[in-house]
Amino acid sequence: MSGPRTPLLRPQSYFESHDGSPPLGHAALAVAVVAVVTAGGIGLFLAEFAGALDATVEMENPEHSPEWACENFEGSGMSTPSGCDPSVPETVERDLGSLVYEELSWLPWAALFIVPIFWAVQALVLHAGAAVIGGEGTFADTLAVAGWGMVPSLARVLALGALLIYRLRTTPLPGDPEGAVAALEAAFSGLGAASMVAVLVVAVWAGAVRVYGLAETHDVPVGEALVVVAVTTLVGFVFEAL
């Protein structure tokens, strides 16, 4: 029986067309897209954030040797380290944006691993919930449902990412670090409402995919599947708020 190519717009028809056993490979590909787009979005935001922080900070010069180390070399017959040269300054000025980027550059790579881990954890929770209400589907089927249920999160990533970058590009920042950070905090403070709307839209959209997917793959009533998905979604909200 033919049906929709994805469950994003017509989840019930999609899972029915696969007789309750959707292709796991398609869902895995969807999760891979989510991971790559999420990582790319984080990387782009970090680059924009670093570029917006046009301020400098004074910090210790890593090429300058401490005074106690230089004193230990004096009279030892060993060559004095270049860091003991008086011409090497004790402090240097660094671009604040570059420092932030260097400190957080691991986040995009971490997203490539965290997204698949979250997929597996979510599938385990859904599968356990389906088992409680008497579901009969396999874990592979639950993985497929959970995988497709993650795709709507891309709407949140793209919408909020675009809004954050817009704020970064349109917010004038002072040259001092404290003033720049304060200006960015003020620029982002009004995004709470937009973030909440995005969370609710994604929760309803992803919830519909999971409800119909769980009902079809585990042969349980839609109402009972709704309870399982609602509980797991609320638990997810709690963990996200922590």
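The values are calculated or read from the model by the stated rules, or taken from the named source; none is laboratory data. The structure displayed is predicted, hence computed values, not measured ones. Quick reminder, even Gly has a Cβ in these numbers, built from the backbone with ideal geometry, and neighbours come from all protein chains shown. Heavy atoms of the whole protein, side chains included, go into the accessibility calculation; ligands, DNA and RNA do not. Shrake-Rupley method; radii C 1.70, N 1.55, O 1.52, S 1.80 Å.
When the convex hull of its Cα atoms is viewed from all sides, the stretch 82-204 shows a mean projected area of 12.7 nm².
In a solvent-free Debye calculation with one equal scatterer on each Cα, what is log10 I(q)/I(0) for the stretch 1-58 at q = 0.22 Å⁻¹, listed in the order of the q values? Rounded to two decimals, the profile gives -0.86. The listed residues Thr6, Thr56, Thr142, once ranked by accessible area (1.4 Å probe) with the largest placed first, stand as Thr56, Thr6, Thr142. Can you pull the percent of the stretch 192-233's accessible area that's carbon plus sulfur, 1.4 Å probe, other chains left in place? Answer for the stretch 192-233: carbon and sulfur cover 77 percent of the accessible area. Each peptide among 160-171, 211-222, 36-47 gets the average number of other Cβ atoms lying within 10 Å of its residues, and from highest to lowest they stand as 211-222, 36-47, 160-171. The convex hull defined by the C-alpha atoms of the stretch 168-215 has an orientation-averaged projected area of 4.6 nm².
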